[in-house]
Amino acid sequence: MDKHYKPAEVEGKIYSLWEKGGYFSAPNAKKPYTIIMPPPNANASLHAGHAMYTIDDILIRFKRMQGFSALWIPGTDHAGFETQFVYEKYLKKQGKSRMDFDRKTLYQDIYDFVKENSGLIFKQFTRLGFSADWKRSVFTLEDKVIQQVFKTFKKMYDEGYIKRDEYIVNYCTYCGTSLADLEVVHIERTDPLFYVRYPVKGKKDFITVATVRPEPIFVDTHLAVNPKDKKRNHLIGQTVLNPLTDAEMQIIGDEYVDPEFGTGIVKLTPAHDPNDFKVAKKHNLPITTAIDWNGRIVKEGGKYAGLKVKQAREAVVLDLKEKGLIEKIDENYLHSLATCYKCGRDLEPLTIPNWFIKVEKLKEKVKKATTDNKVKFIPHKFKSHMLSWLEIMHDWPISRQIVWGIRIPIWYEVDPKASNIWVWFIDKDKKPHQDNLRKFLDQGIKIEEIEQGLQKVHALTGPSGPKYVISDKKPTDGKMYLPETDTFDTWFSSGQWPLIVLNKDEMKSRYPTDVMGTLSDILKLWVSRMIMFGLYLESEVPFKEVFLWSMVADKFGKKMSKSKGNVVNPIEMIDKYGADALRMSLVYGIPAGGKVILSDDKVRGMRNFANKLWNVARFVEMEKEKVKTESLHKDDKWILAELNTTIKTVTDSLEKYKFNEASETIYEFIWHKFADIYIEKTKSRRKEAQQTLEHVLDESLKLLHPFMPFVTEEIWGKLNKDKPLIITSWPTI
RNA sequence: GGAUCCGUAGCUCAGCGGUAGAGCGUUCGGUUCACAUCCGAAAGGUCAGAGGUUCGAUACCUCUCGGAUCCACCA
């Protein structure tokens, strides 16, 4: 044996030993133990967060060693919005945009793009020593996933869990899609607050309203005051004039108005403000669009039509100033606003037709399962996080206006005489058009050409909207149809992940799976949805326990992010110090649910530990001759007792997901008890102690194997040439 | 604004009623005999602050201050 352990020379060789031996497939044996891997983005390369899957690998290896039929199922996610965003950046570099392509072409291009990059992350996983059953991998755009998603959607529709509605959503005009509340990032910013005067009808008087958004004023039809506001409730029922259009506006009363804020009077812009939208629905007020999907003022905006929001704001303010209708401007108004988590731009609240899942009934089951501990959360605090989320969880908008995803299986019936479908398409000369479908049909453009170059379909909701059919294929009843162009929110498919990756037999034997280990960030986005779908479709939770870890941080405890430049590339760490060292660093000293602190110093420390173990093995290997004695020496008895305690502690800790305790215990035992104390003492009675030395080393290797699989397997192979691999044996007392 | 978690050695964290612990870092001393990716030793803390419960509080309770995360909302 060399003086030093050299991971680079060992890891590849050991990994293929496991792979060739078929150790990653579940053995037929006995009790099943199952973990499903949270599918990483197929397009991604490994970052520090993924390295935390080490925890799953530790569990799988531990259970495999204990003799379970351990199965770890991997997969990759299409990550709809994420991936399309990356692809569009790539297009932009080439001077192109998604608008240059019809949906089919764009989808295929992204598919090829992803295909080219996919597989990389699994290769990187093997560098970490992950023992997943790779040949079982599922990609979320595979046919069987799409079929499952269609089936679920149909069932939900039939059972009344799906609704279609005009709904105000946060829409990113740059990314071209609506975002769920969970994807919205609120930031604080100083913006001018304009105090706008509304002339009172028939008087020389004004009512002043404070707003940061004067640009959609031309569609406003109402102001509101709080009916309990004694100073102002006399205004209810009065009429003022729209400062831009001079149209008459009514003042209504609604309790949502805060009498203390601004002037205590608000303008209502239902189409572009979530609160105003609620008020408008309640009072049955008109919801008129002022801003289109491109973030520009609509053509009804007269002189402002076509302007972007910011330009329109400047123009409107200028005009109002000229009319003397700006009372004052507060330049230091600090407020929070919604921005896109992806591109950081301001989001535009827009009303667009959306498909929703009605969660009211569904979430009750999740609540009950959580309260009844059908799913156990580790650490425990996440149980209350989940419950508080369920309290406020509201209907889930599942429509995403992107191509890269599973299309919502809806076909709209085209009535050539109705004006209820708006389309955006590229004609056969690659020229884009957007307008009412009827207009194009009247011009004699064939529906086939429109469908061929289709970018977006925007069908009215409600009774005036078109009829539609739920089907994954185009209906063949001879009528004209156009497909829904929206795709499902990624979490709609990944939320059904456990039901997709397990086959029929396994649904009996391995469902619910044993544990789901994932980042606590996606507790609400993903974990809650998986539980919801599991209970809805199978009447049972999809996993018995959830282990959640928090973000991976640098040595100063700061979250790793590209913009901070403190990202640690796990692969570089492996190249430098070995996979075992990296793996150990991710669990040693990390409290459950806590921040994972990863630093060069720490990984180096763990590399040193691997080397220490290596040298313990070298020491043991130097002497082969054993002297049998009648009774054990007191030092032998001591170390064997310590070993037993260690086996017990490590086993118990692993069962309880206390990875830090388990790893610290085995580290302490090997280095500071076995090496520092026992080995030093045996130097004077070497041959006598040889048998105990060998035994303690073997057992230590097993205990450490889930954490540091490569070095332990390598040493095991050197010492126990005739025995099977260490990967299948756990020590017992 | 609401919720949760956390303030213990320079750093990262254990301890959670009975005179303060680990790793890393620092300082000092060690080159034969497994390992300098090592061994031995030392320095370093009114356990954030103030009250309370208790024979006794770093630990339990209350408040204050400081930090983190999540959620809601802001015309």
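The values are calculated or read from the model by the stated rules, or taken from the named source; none is laboratory data. Not measured: the values here are computed from a predicted model. Positions of Cβ are backbone-derived with ideal geometry, glycine not excepted, and every protein chain shown enters the neighbour counts. With ligands, DNA and RNA removed, areas are computed over all heavy atoms of the protein, side chains included. Shrake-Rupley method; radii C 1.70, N 1.55, O 1.52, S 1.80 Å.
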Exercise for review: Can you work out the accessible area per residue across segment A:604-672, with the rest of the protein chains kept in place, probe 1.4 Å, in square angstrom?
Suggested key: 52
Review point. For segment A:431-539, what % of the accessible area comes from carbon and sulfur atoms, probe 1.4 Å?
Key: 49
**Study point:** Efficiency of FRET between A:N436 and A:K231 - r from beta-carbon atoms, R0 51 angstrom, step 0.05
**Key:** 0.60
Revision key, fill the gap. Looking only at lysines whose Cα falls under 16 Å of A:K595's and that sit 8 or more positions away or on another chain, we get A:K381, A:K555, A:K558, A:K559, A:K658
Point to revise | Paramagnetic reach from A:D472 (point 7 Å along Cα→Cβ, amide N under 12 Å) across segment A:150-192 | key: A:150-154
Check your understanding: What is the extension gain from A:M1 to A:E630, computed as 0.36 nm multiplied by their sequence separation minus the C-alpha to C-alpha distance, in nm to one decimal?
Key -> 223.2 nm
Exercise for review: Enumerate the calculated ³J(HN,Hα) couplings along segment A:202-215 in order (Karplus 6.51 cos²θ - 1.76 cosθ + 1.60, θ = phi - 60°), each rounded to whole Hz, writing x wherever the residue is Gly or Pro.
Suggested key: x, 10, 8, 9, 10, 10, 9, 10, 8, 8, 9, 10, x, 5
Review point. How large is the accessible surface per residue of segment A:446-545, computed with a 1.4 Å probe and reported in Å² as a whole number?
Key: 39
Revision key, fill the gap. With x for Gly and Pro, the residue-by-residue ³J(HN,Hα) of segment A:692-706, computed from phi through the Karplus equation 6.51 cos²θ - 1.76 cosθ + 1.60 at θ = phi - 60° and given in whole Hz, is 5, 4, 4, 5, 5, 4, 3, 5, 5, 4, 4, 4, 7, 3, x
Review point. Which Cα, out of A:Y171, A:L106, A:S137, lies furthest along the positive dipole direction of segment A:102-202 (beta carbon charges, K/R +1, D/E -1)?
Key: A:S137
Check your understanding: Hey, which of these cross-link pairs are over 30 Å Cα-Cα: A:K342/A:K365; A:K299/A:K358; A:K135/A:K702; A:K524/A:K602; A:K123/A:K365; A:K524/A:K656?
Key -> A:K342/A:K365; A:K299/A:K358; A:K524/A:K602; A:K123/A:K365
Review point. Count the lysine pairs in segment A:1-84 that are 8 or more places apart or on different chains: how many have C-alpha atoms under 28 angstrom apart?
Key: 9
Check your understanding: Treating the beta-carbon of each Lys and Arg as +1 and of each Asp and Glu as -1, no other charges, what is the dipole magnitude of chain A about its Cα centre, to the nearest 20 debye?
Key -> 740
Practice item. Can you tell me the FRET efficiency between A:M622 and A:D600 if r is taken as the Cβ-Cβ distance and R0 is 30 Å, rounded to the nearest 0.05? Key: 0.35
Revision key, fill the gap. Heavy-atom accessible area with a 1.4 angstrom probe orders A:K201, A:K228, A:K163, most exposed first, as A:K228, A:K201, A:K163
Check your understanding: Counting only protein heavy atoms, what percent of the accessible surface of segment A:641-733 is carbon or sulfur at a 1.4 Å probe?
Key -> 48
Practice item. Find the relative contact order for chain A and round it to a whole percent, using C-alpha pairs within less than 8 Å whose residues are 6+ positions apart. Key: 16
Review point. Carbon and sulfur together cover what percent of the accessible area of segment A:234-332 at a 1.4 Å probe radius?
Key: 49
Practice item. Just flag the GluC sites (Glu not before Pro) in segment A:151-235 sitting in loop per DSSP whose Cβ has no more than 16 other Cβ atoms within 10 Å. Key: A:E159
Revision key, fill the gap. Listed by chain and number, the residues whose amide H is under 5 Å from that of A:N569, excluding neighbours fewer than 5 places away on the same chain and using placed H, are none
Point to revise | Mean projection area, nm², convex hull over Cα of chain A | key: 38.4
Exercise for review: For segment A:271-420, count the residues as N, evaluate 2.2 N^0.38 Å, and divide the Cα radius of gyration by that value, please.
Suggested key: 1.47
Practice item. Set Lys and Arg Cβ to +1 and Asp and Glu Cβ to -1, take the dipole of chain A about its Cα centre, and tell me which of A:V298, A:M622, A:T518 lies farthest positive. Key: A:M622
Check your understanding: Roughly speaking, what is the centre-to-centre gap between segment A:331-386 and segment A:181-229 when only Cα atoms are used, to the nearest Å?
Key -> 28
Review point. Which residues does a label at A:K123 reach in segment A:1-41, if reach means a backbone N under 19 Å from a point 7 Å past the Cα toward the Cβ?
Key: A:8-17, A:19-20, A:40-41
Review point. So who's got an amide H within less than 5 Å of the one on A:D254, skipping anything under 5 residues away but keeping other chains? H placed 1.01 Å off N, in plane.
Key: A:V225, A:N226
Study note, to complete from the structure: Gyration tensor on Cα atoms of segment A:1-80, a ≥ b ≥ c root eigenvalues, a/c under 1.5 rounded, else prolate if a/b beats b/c, else oblate, says oblate
Practice item. Using a 1.4 angstrom probe, figure out how much accessible area segment A:199-349 has per residue, in square angstrom, rounded to the nearest whole. Key: 51
**Study point:** Estimated FRET transfer efficiency (A:I329, A:T732; beta-carbon r; R0 56 Å; 0.05)
**Key:** 0.15
